[in-house]
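Read the structure below first, then the notes.
The values are calculated or read from the model by the stated rules, or taken from the named source; none is laboratory data. Since this is a predicted model, take the numbers as computed values, not measurements. So basically every Cβ, Gly included, is an ideal-geometry build from the backbone, and we count neighbours across all protein chains shown. Accessible surface is based on the protein model in full, side chains and every heavy atom, while ligands, DNA and RNA are left aside. Shrake-Rupley method; radii C 1.70, N 1.55, O 1.52, S 1.80 Å.
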Amino acid sequence: MEVNKITVEKEKSHHDDGRKQISMERVELPQLHEHPLIPFNRFVLTQCKACNLLSDDYGYIYGGYRCNELGCEEIMFHKECFKPLKEINHSFHPNLLKLIIPTLPLHNSQSHTCFCGYSFKAGYCCKICDFKLDLKCARRSNTRALPVNSYGHEHLFKIVSESYRGRGEKICKACGYQECDQYVTHVDCVDFFPEAYHTSHPQHPLKSRRGQVPDYAYKKCLLCEKGFRQFHLCDVCNYSICSAYMRNPPPLNIQCLKTHEHQLHLFSRLIDFTCNACGTQGSRSPYLCLPCNFIIHRECIDLPRVISINRHDHRISYTPHLGHRKLKCRVCRKEVDGFYGAYTCSKCPSFAAHARCATRRDVWDMVEREGTPEEEEIAPYEVIDDNNIRHFSHTIIITYKSTRMG
């Protein structure tokens, strides 16, 4: 069976603290999609087609693998889902769990039921019993039970399957969501309630809150600018983020040579800036390179180098500096600032497009063309001489005649 050509990793780890550890060999799943997959470093709000195949759970993928074929722009995978571990020891189960390798095509592969109650295609199973984990749950580090007095409750907490739902309704202590007939806390909420540290704000713990945002606090997430009902707040620094970013923190450092020659660092605070990559304004949490005075939106990291758009006949290429020419964007018709990144055409010197305009979903076909030859333009006619041509729609030579008026 065909696999994508990615180097297999070998990992070795040694721990003497008695904890169960993940096995050392990473393997490549058989090709998860009918087309080849390419790596990307872009931040994309979407579903991973391996771990969230049958779930409604959306979140940011901070780089991974994607399909680069027309019509398959939604096919993306986390890095860790594309190259999972062959075997794992997990705190949810006492026995070794082996990788379930799905058949192709992925959406027609056999479905399995995870311990959490959700269906999955690629995941892990126990060879001794019927215990199974999907790739998402396999990344959890929760223990099977929590001590007495956890979260202010006098009894022991135990992990139960989602199939346990249904006998009456109570509310999750952490997020307020209605659950089952016992005092419950979601597995997803355990690590963040009542408070927890976050990589983007290591100074103080963030307290889990829901409902109305305090008057003194920001009303939108400091990382994504979305409003929230449930949020996590540092009262000391007035630092608040949404639950999605609490569970799925952005990387603090990014190395993407297509974007910048140096490593980029997350600057998680409110700050007005102009993005070097696209020339538009930003208001919070950019990535930056201090030595170069380079600053960028997270969405502009790993912009495609060469693309085709529906507003121009030729391919266009990204350039970090347009120069001093005064050009108008062929998409929005507004002026393009030459001191910031934009798209240009090597065949049409007068063409330019803003980076944000050219990569809009209604303009770009979402296929990256870098490294693939452009189709040669074929004229619809053959020139015979100065006055005659042979057109593809006509078998007889066409002669040019000038008619003088008056």
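Evaluate E = 1/(1 + (r/R0)^6) for Asp385 and Thr280, where r is the Cβ-Cβ distance and R0 equals 41 Å; express this FRET efficiency to the nearest 0.05.
Once the sixth-power term is evaluated, E becomes 0.20.
Please give the solvent-accessible surface of Leu252 in Å², to the nearest 10, using a probe radius of 1.4 Å with every protein chain present.
Rounded to the nearest 10, the figure is 70 Å².
Give me the distance in nm between label points sitting 7 Å out from Cα along the Cα-to-Cβ direction at Lys79 and Thr199, one decimal.
Between Lys79 and Thr199, the label points sit 1.0 nm apart.
Cys292 to Lys226: extension gain in nm, 0.36 nm per residue of separation minus the Cα-Cα distance?
20.8 nm
Along Cα→Cβ, 7 Å out, is where each label goes; now give me the distance between the ones at Lys334 and Lys98 in nm to one decimal.
Taking the simple label geometry, Lys334 and Lys98 are separated by 5.9 nm.
Go ahead and run the numbers for FRET between Asp313 and Cys237, Cβ-Cβ distance against an R0 of 41 Å, rounding to 0.05.
FRET efficiency, Asp313 to Cys237: 0.20.
Using 20 Å as the Cα-Cα cut-off, could you pick out the over-long pairs in Lys258/Lys334; Lys79/Lys136; Lys326/Lys347; Lys49/Lys127; Lys86/Lys121?
Lys258/Lys334; Lys49/Lys127, as the Cα separations exceed 20 Å there.
Calculated FRET efficiency, Cys129 and His107, Cβ-Cβ r, R0 25 Å, to nearest 0.05?
Step by step, r from the Cβ atoms, then E = 0.35.
With a 1.4 Å probe and every protein chain left in place, tell me how much accessible area Lys132 has, in Å² to the nearest 10.
Solvent-accessible area, nearest 10 Å²: 40 Å².
Could you compute how much accessible surface Arg139 exposes when probed at 1.4 Å, giving the result in Å² to the nearest 10?
110 Å²
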